[in-house]
Structures are given as structure tokens and as C-alpha cells.
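Student: Dumping the structure here so I can ask a few things about it.
The values are calculated or read from the model by the stated rules, or taken from the named source; none is laboratory data. Worth saying up front: this structure is predicted, and the values here are computed from it rather than measured. Reconstructed Cβ throughout: ideal geometry from the backbone, glycine too, with neighbour counts over all protein chains shown.
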Amino acid sequence: MHIYEVLKRPLITEKTMAQRELANQYAFEVDRRANRHQVKEAVEAVFPNVNVLDVRVTNMPPKHKRAFRRQVVRHTAWKKAYVTLAPGQTIQVFEGV
């Protein structure tokens, strides 16, 4: 898998902003086939001058949503990665948000 296929998008929520400030952790949506070693390599390749200390990966289950009347919409499953950086390092995508 190519490095640019691993990271899909950064996750910017209230919870991830709090983790960024407290524990220097950043969250990304990643490809479902990616493992933690590939995520670490991708983050260090895409964002220069960043040292990744730890990567935690979670599988997010699919969700069902009831639409108009009896229609049920199923959102697909996806994978989330929490990346911990070395102290004092930041990722510029998240700054100023």
C-alpha cells in the first residue's frame, strides 16, 4: 500500500482537539487495511520533522440510521488512528483550527 493511500483525512472534533492539547495526540481516518506500522511511516513521510512515539488504531463499526419512514441507511465501517508525537512537535494541518 502506498504511503498516500494510508492517511485519508485528519479528524477534527472537540475530543481530538482536547487530546491534542493535553497529550500531543492527533487523530486520522486511515485505510481499513493499514496497520500501525504503516500509519507511523505515512505520518512521518507526509509531515516532515515529526517523530511518532505511539500509534493506537481502532476499528469503528458501521452505523445504521433510520431515514424517511422505513428506509434504513447503513454507513460503512472505518478505521481511526491516534498518533502520539514527541513533546514540542506539532502538525501544521491542525494548527489554527
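Student: Is it true that THR76 is modelled with pLDDT under 95 and β-branched (Val, Ile, Thr)? Walk me through it before giving the result.
Tutor: Details: modelled with pLDDT under 95: yes; β-branched (Val, Ile, Thr): yes.
When the stated conditions are applied, THR76 passes them.
Student: Can you tell me which residues in region 4-39 are aliphatic (A, V, I, L, M) and either within 8 Å of the chain's Cα centre (by Cα) or more than 14 Å from ARG56 (Cβ to Cβ) (or both)?
Tutor: Residues of region 4-39 aliphatic (A, V, I, L, M): 6-7, 11-12, 17-18, 22-23, 27, 30, 34, 39.
Once the filter is applied, which keeps residues that are aliphatic (A, V, I, L, M) and either within 8 Å of the chain's Cα centre (by Cα) or more than 14 Å from ARG56 (Cβ to Cβ) (or both), region 4-39 yields VAL6, LEU7, LEU11, ILE12, MET17, ALA18, LEU22, ALA27, VAL30.
Student: Identify, please: which residue in region 9-55 is surrounded by 12 or more Cβ atoms within 10 Å (Cβ to Cβ) and free of Cβ contacts under 8 Å to residues at least 24 places away in the same chain and is, among those, farthest from LEU85 (Cα to Cα)?
Tutor: ASN35
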